[in-house]
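**Q** I'd like to ask you about the structure that follows.
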Amino acid sequence: MSLLHQVALTFVKNIGPTLAKSLTAHFGGAEQIFKAPKGKLLKVPGIGEKTVGQLDFDVALKKAEQELKFIERNGIDVIFYTDIRYPKRLKNCNDSPVLLYSKGNADLNAEHVVSIVGTRNATEYGKQLCRQLVEELQQQNVLVVSGLALGIDVAAHKECLKHNVPTVGVVGHGLDRMYPSQNRATADKMLENGGLLSEYPSGTIPDRENFPQRNRIVAGMADATIVVEAGIKGGALITAEIANSYNRDVFAFPGRLGDEYSEGCNFLIRNNKAQLLTCAADLAFSLGWEQGETAKATIDQFILPFDLTQDESLIINLLRENKTPLAIDDLSIKTNMPTSKLAMNLLNMEMQGYIRGLPGKMYCLS
């Protein structure tokens, strides 16, 4: 019954992802929310009389029953945010979906995850960059995420299929359809080494407002977002802005002055919203993917300082135990500390020389 209630929770009116997570944490599970009396619901922060009065639990459960039939018929996996398989990078984003519908065999918590985004009007230059990037990423044990749109998105997915790189397409509609329809053959092949992901139940059509929502998943799932080719307006720049708001790395390939579909990339680089990228080796270095052994050698010789606060001691001990650099997102999860508070502690400790910041917002002991 737990799966039924997890799906039903997403159908309840006036309960978005943030409130759904608060309710789940308060009651210990989705099923308990549906059984809770009104008085106990009112004790949850963020819920008032009006919200409780409009809760349509019975209607939501009936919709969920229908959705479960579709899920079973079509071999779809449901991943609730408390599930260990839920993308841990995305989980750390405050507006992440409470539930994801997944199809395929992708490891959403792969060692390295990058998002590749760009214009729907990809030029030959952009497609060539996709080809070169994915070919080089093949050596990095990476999962590539994109939005299965026309242009750069589908070019990245196709190159991943060609080079046997796992790839996931995040769509802005239910998994009972494919938009745009001409990408269906690519989507079907992706199920063999990767898959499809959506926060939307079956029957959801690809409305315009769904795609900016979809972009937060594309940005939130990844260590870094790579903008290959983009105009000054559009979804790729929205995704880059979201990635920056999540404190994630953003990279962009530069284009020639005057090229319409490189204006967005040049804008991001010029305004320090993205690091300039020329090849996958730059990416691996910037993200600290090759820093592990160097950091490990220094950890073994580390002596714990005496003047640490409780929070700083917790961070130090995690870095010692882990033996390899940790990303700020992983530290936030392991310390149960908000990213803003954690960032202040890390800055203070780095200034005192206790820890060292590495490229890619990774941290290790000095």
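The values are calculated or read from the model by the stated rules, or taken from the named source; none is laboratory data. Note that this is a predicted model, so its numbers are computed, not measured. Heads up, the Cβs are rebuilt from the backbone with ideal geometry, glycines too, and the neighbour counts pull from every protein chain shown.
**Q** Being crowded, with 17+ Cβ neighbours inside 10 Å and under 30 Å from GLU192 (Cβ atoms) is true for just one of ILE47, ILE76, ILE84. Which residue is that?
**A** Just a single option satisfies the conditions, and that option is ILE76.
**Q** Also: Determine whether region 180-189 contains at least one residue that is of a type in the set (Gly, Ala, Ser) and surrounded by fewer than 19 Cβ atoms within 10 Å (Cβ to Cβ).
**A** yes
**Q** Restricting to region 224-245, what's the tally of residues that are surrounded by 22 or more Cβ atoms within 10 Å (Cβ to Cβ), not in a helix (DSSP H, G or I) and not acidic (Asp, Glu)?
**A** Of the residues in region 224-245, 6 are surrounded by 22 or more Cβ atoms within 10 Å (Cβ to Cβ), not in a helix (DSSP H, G or I) and not acidic (Asp, Glu).
**Q** Still on this structure: In region 339-366, which residue that is surrounded by fewer than 17 Cβ atoms within 10 Å (Cβ to Cβ) and among the hydrophobic types (A, V, I, L, M, F, W, C) is nearest to LEU90 (Cα to Cα)?
**A** Ranking the qualifying residues of region 339-366, first place goes to ALA343.
**Q** Still on this model: Under 7 Å between Cβ atoms, which residue pairs at least 6 apart in sequence (or on different chains) link something in region 210-227 that is assigned by TED's automatic domain parsing to the domain that holds VAL142 with a partner that is at pLDDT below 95 and aromatic (Phe, Trp, Tyr)?
**A** ALA219/TYR246; GLY220/TYR246
**Q** Residue check, LYS189 against (1) assigned to a helix (DSSP H, G or I); (2) among the basic types (Lys, Arg); (3) under 21 Å from PHE211 (Cα atoms), all met but one. Which one?
**A** Here LYS189 meets the rest and fails (3).
**Q** Report, by residue number, each residue of region 307-338 that is in contact (Cβ under 8 Å) with a residue 60 or more places away in the chain and surrounded by 18 or more Cβ atoms within 10 Å (Cβ to Cβ).
**A** Scanning region 307-338 gives ALA327, ILE328, ASP329, SER332.
**Q** Let me ask something else. Right, ASP249: in contact with a Lys or Arg (Cβ under 8 Å, 6 or more places away or on another chain) and farther than 16 Å from SER146 by Cβ or not?
**A** yes
**Q** Another question, then. Which one is surrounded by the fewest Cβ atoms within 10 Å (Cβ to Cβ) among residues in region 52-70 that are modelled with pLDDT of 95 or more and in contact with a helix residue (DSSP H, G or I) (Cβ under 8 Å, 6 or more places away or on another chain)?
**A** So the residue we want is GLU65.
**Q** Could you please let me know if THR24 is closer than 22 Å to ASN109 by Cβ, more than 20 Å from the chain's Cα centre (by Cα) and in contact (Cβ under 8 Å) with a residue 12 or more places away in the chain?
**A** yes
**Q** Pairs only if they're at least six apart or on different chains, beta carbon under 8 angstrom, first in region 247-275 and under 18 Å from SER115 (Cα atoms) and without any contact (Cβ under 8 Å) to a residue 40 or more places away in the chain, second surrounded by fewer than 22 Cβ atoms within 10 Å (Cβ to Cβ) and among the aliphatic types (A, V, I, L, M); list them, first residue then second.
**A** Listed pairs, sorted by first residue: PHE251/LEU276; ALA252/ILE269; ALA252/LEU276; PRO254/ILE269; PRO254/LEU276; ILE269/LEU276; GLN275/ILE269.
**Q** When you go through LYS21, LYS103 one by one, which is the residue that is surrounded by 15 or more Cβ atoms within 10 Å (Cβ to Cβ), out of contact with any helix residue (DSSP H, G or I) (no Cβ under 6 Å at 6 or more places or on another chain), modelled with pLDDT of 90 or more and part of a helix (DSSP H, G or I)?
**A** On inspection, the qualifying residue turns out to be LYS21.
**Q** Might you check whether a residue that is assigned to a loop (DSSP other than H, G, I, E, B) and among the hydroxyl-bearing types (Ser, Thr, Tyr) occurs anywhere in region 307-315?
**A** yes
**Q** Look at ALA149 and say whether it is touching a strand residue (DSSP E or B) at 6+ places or on another chain (Cβ under 7 Å) and either assigned to a loop (DSSP other than H, G, I, E, B) or surrounded by fewer than 18 Cβ atoms within 10 Å (Cβ to Cβ) (or both).
**A** Judged against the criteria, ALA149 is not a match.
**Q** Here's something else I'd like to know. Answer yes or no: is there a residue in region 344-360 that is at pLDDT below 90, over 23 Å from the mean Cα position of the chain (by Cα), small (Gly, Ala, Ser) and in a helix (DSSP H, G or I).
**A** No: zero hits.
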